[in-house]
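Just below is one structure, and these are the notes that go with it.
The values are calculated or read from the model by the stated rules, or taken from the named source; none is laboratory data. Because the structure is predicted, anything quoted here is derived from the model rather than measured. Using ideal geometry, Cβ is built from the backbone for each residue, glycine included, and neighbour counts are taken over all protein chains shown.
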């Protein structure tokens, strides 16, 4: 039995043909396989889809690109599948372009490939190529394919993929001998058999080491007795005429076993020195400790699994490397998403930027007046500020203050229990720039032509773009709006194009106008003037408001008020608006304006970390041109820096029918 520490079948791959059967296993990345094995040890109930999030697919030593995940999914779930592998190519030059090949598909012979391309060009099956040469050296592979001036590089590349080994199909068949019989194995089964194999290897190894240690311990115990009674032992040996007689006399006198007596007779006189006696005692103690350690290891299967994990991590630390083969989505690809069930979920976002999803079934339907369930266990200073129902297959769009947009499918939001905190949004998105943060999250079911995204910036710019312009999903996000220098995105809203927009400024102005006054524009555009600002003013909020209801205004010195929306006369886009609150030395600047209802609550946080939670119904309704009332009492030089409208999960849960 070969005690392999790694699942070599997966990492190195294997190929073979026998009578009536064959195997063809693809090589994989060492780090990914080790991580997947460790995760399976820790969570034996993992699914194939969960394993594929760790072991992404084959990793060929020659690099290349795997085109599509469908074959990988079939191979990992059923044990067989076809994987399309493409060479890595790039185009250089402007006028006369060159196709550069730097990586080939696995097991493709470079010389035969060049010969094949030359023959295809000669027979005019591939047109547009003027020269072909191999510039490979010690630094790596480089095949140069020069094109005619009028050649379209994408067409030539597709012809090369179609007619040459720049694109190949690797047929995966995970057939292996399991307990004496051939079986086709899924990815999880391969790892499970490997783990069971390692358990057996370590058990046998430990049992062998334990038996050897016990044999050594038996001899050392004899030495310890002999050294304590060394004078009597020497007397018995000198008195005996023959070796056999001395052995029998020692066994009779000290109850030694035959092995112990023989070891004592074979002991050299140098063992009687003080240092040697101390060495025997030390060896005795170390052997005793080793026996206890080995017995402890064999006493619990979990201890053996821990040894497997530690040995794997040591190998990963020494030999682990990055993937060489890239995996990209294919045109006729089976998505992992196809295995995700469509279900309604509740997405909750907290004030400090944590997000999670919970299946709607978690919340039982309650009758009117029910108390509800505790929706999220948060810190005292962290409250739920947004909550909405969406589908696992719908998109959630995130907009940052730097004007970028990112997409995440609903199922990509980590699922949590009702009491879980969730995961930081910034850890789910590609790396954001310095000072960049997520400003708004909007669920999108369909990128249609009937809805619009409305943007407002700090400098008073407003932009409206049809929702379908954002349907081209990109992993690294896109530019949602073009911002001027020192400008930033304040808010983004989804609208049907027929709503009323309210833009509020720091100096206490509010501009209310019909959304129809903003014409739809392209995605990467700047927008138009939404509100005309004075020199020292800036926009603090933008909202889509109804014809009735109340507008809540809060200032940096802790003052605020509610005012009926109908008292804000409609003006036109680009006007200065009307006064919403008096800003003076007492009030300070406006920092927050939102539409509210009596059931809402606000959480105010000051620069010094002071916090207060205030029910909206306790704040007086007043006219526009008033100063408001005290909402939060502040220390000298302290300012309000953050305000959140708290979303009460308890109320939402009662209505999730």
- Answer yes or no as to whether residue 62 is farther than 24 Å from residue 194 by Cα and not in a strand (DSSP E or B). yes
- Note on the structure: Of the conditions (1) within 24 Å of residue 384 (Cα to Cα); (2) surrounded by 14 or more Cβ atoms within 10 Å (Cβ to Cβ), the single one that residue 579 does not satisfy is (1)
- Note on the structure: Note: among 202, 126, just one is in a helix (DSSP H, G or I) and either more than 29 Å from residue 103 (Cα to Cα) or in the same structural domain as residue 102 (by TED's automatic domain parsing) (or both), namely 202
- Message: Suppose we filter the stretch 154-172 for residues that are over 18 Å from residue 64 (Cβ atoms) and buried (at least 17 other Cβ atoms within 10 Å of the Cβ); how many remain?
- Response: 2
- Item | Scan of the stretch 54-68 for residues that are in contact (Cβ under 8 Å) with a residue 24 or more places away in the chain, on the phi < 0 side of the Ramachandran plot and within 17 Å of the chain's Cα centre (by Cα), ordered by number | 55, 56
- For residues in the stretch 1-17 being surrounded by fewer than 17 Cβ atoms within 10 Å (Cβ to Cβ) and in contact with a strand residue (DSSP E or B) (Cβ under 9 Å, 6 or more places away or on another chain), which is farthest from residue 188 (Cα to Cα)? 17
- Message: Give me the residue from the stretch 18-43 that is touching a residue at least 12 places away in the same chain (Cβ under 8 Å) and in a loop (DSSP other than H, G, I, E, B) and, out of that set, surrounded by the most Cβ atoms within 10 Å (Cβ to Cβ).
- Response: 26
- Item | Wholly within the stretch 438-552, strands (runs of 3 or more DSSP E) carrying at least 2 residues that are closer than 17 Å to residue 574 by Cα and touching a helix residue (DSSP H, G or I) at 6+ places or on another chain (Cβ under 7 Å) | 500-505
- Query: Can you tell me how many residues in the stretch 108-117 are surrounded by 13 or more Cβ atoms within 10 Å (Cβ to Cβ) and without any contact (Cβ under 8 Å) to a residue 60 or more places away in the chain?
  - Reply: 5
- Given 197, 161, which one is at pLDDT 85 or above, within 34 Å of the chain's Cα centre (by Cα) and either within 30 Å of residue 91 (Cα to Cα) or outside any helix (DSSP H, G or I) (or both)? 161
- Message: Given (1) in contact with a helix residue (DSSP H, G or I) (Cβ under 9 Å, 6 or more places away or on another chain); (2) surrounded by fewer than 16 Cβ atoms within 10 Å (Cβ to Cβ), identify the lone condition not met by residue 615.
- Response: (1)
- Message: Quick check on residue 175: is it within 30 Å of residue 44 (Cβ to Cβ) and in contact with a strand residue (DSSP E or B) (Cβ under 8 Å, 6 or more places away or on another chain)?
- Response: yes
- Yes/no for residue 81 being touching a strand residue (DSSP E or B) at 6+ places or on another chain (Cβ under 7 Å), in contact (Cβ under 8 Å) with a residue 40 or more places away in the chain, crowded, with 20+ Cβ neighbours inside 10 Å and more than 21 Å from residue 186 (Cβ to Cβ): no
- Message: I'd like to verify a number: residues in the stretch 408-432 that are in a strand (DSSP E or B) and over 26 Å from residue 642 (Cα atoms), how many?
- Response: 3
- Per the filter on the stretch 4-17, residues in a loop (DSSP other than H, G, I, E, B) and within 17 Å of residue 57 (Cα to Cα) are 7, 12, 13
- Task: Please go through the stretch 235-278 and pick out each residue that is under 16 Å from residue 221 (Cβ atoms), modelled with pLDDT of 85 or more and in a loop (DSSP other than H, G, I, E, B).
- Result: 255, 256, 257
- Message: With modelled with pLDDT of 90 or more and farther than 20 Å from residue 383 by Cα as the only criterion, which of 620, 633, 624 stands out?
- Response: 633
- Looking at (1) farther than 19 Å from residue 413 by Cβ; (2) free of Cβ contacts under 8 Å to residues at least 40 places away in the same chain, which is the only condition residue 462 fails? (2)
- Message: Can you say whether residue 515 is surrounded by fewer than 22 Cβ atoms within 10 Å (Cβ to Cβ) and touching a strand residue (DSSP E or B) at 6+ places or on another chain (Cβ under 6 Å), as far as the supplied structure shows?
- Response: yes
